[in-house]
């Protein structure tokens, strides 16, 4: 097995949805595993994002009892299916630091694509959300500002998820992606934390599952960054 690489510090080009390709060695003794080879493919995260979003919409159309309910479920379920893709991009380098191996190496190698897969899945969520808001459940403009800024961050990171943008923007690229990914994390966490205590008990399971999950993801990143070096 090749020696483990020395990943860049958190925030130095390996800290975001739009990060550059990490230099992760192959593991000859494990490279034949079907799952690892699948994870190493460039198209896998994008296909996962597309499949997750479309599957959520299809499930909502089947489960809903008419257009208003279908629109609501589509908006809700597309957000749920996009969340795991975000967490993969958010935790890829952390998982590699803590548990280096073939699977975590493959996730780190394709972290840029996992971020783009999340952006694709969340774009499907945006389409479902707009249908729900514009057609069936209008909301005050002020309530949309936080989420709208999150989408702006997502698309800015996606558009700059290439080596040319990273070279051109320099330190600004690092700050854009560092602030952007944590702002998106914050919007996810606030959304699920409020659901955990929502007056409607139907939201409780979702909130009480995802809010601790996102909090744990942040704690894991901090632990990986600040743990004593051996």
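Looking for something closer than 20 Å to residue 93 by Cβ and at pLDDT 95 or above - is there at least one such residue anywhere in the stretch 138-154? Yes: the stretch 138-154 contains one or more residues that are closer than 20 Å to residue 93 by Cβ and at pLDDT 95 or above.
Of everything in the stretch 49-68, what is in contact (Cβ under 8 Å) with a residue 60 or more places away in the chain and farther than 20 Å from residue 119 by Cα? Give them in sequence order.
Kept after step one, since they are in contact (Cβ under 8 Å) with a residue 60 or more places away in the chain, are these residues of the stretch 49-68: 49-50, 52-54, 56-57, 60, 67-68.
Within the stretch 49-68, 60, 67, 68 qualify.
Looking only at the stretch 214-224, decide whether some residue is part of a helix (DSSP H, G or I), farther than 15 Å from residue 76 by Cα, touching a helix residue (DSSP H, G or I) at 6+ places or on another chain (Cβ under 7 Å) and at pLDDT below 95.
Scanning the stretch 214-224, I find at least one residue that is part of a helix (DSSP H, G or I), farther than 15 Å from residue 76 by Cα, touching a helix residue (DSSP H, G or I) at 6+ places or on another chain (Cβ under 7 Å) and at pLDDT below 95, so the answer is yes.
Within the stretch 128-161, if we keep just the residues that are free of Cβ contacts under 8 Å to residues at least 40 places away in the same chain and assigned to a loop (DSSP other than H, G, I, E, B), the residue that is surrounded by the fewest Cβ atoms within 10 Å (Cβ to Cβ) turns out to be 140.
The values are calculated or read from the model by the stated rules, or taken from the named source; none is laboratory data. All values derive from a computational prediction rather than experimental measurement. In this analysis, Cβ positions are derived from the backbone assuming ideal geometry, glycine residues included, and neighbour counts consider all displayed protein chains.
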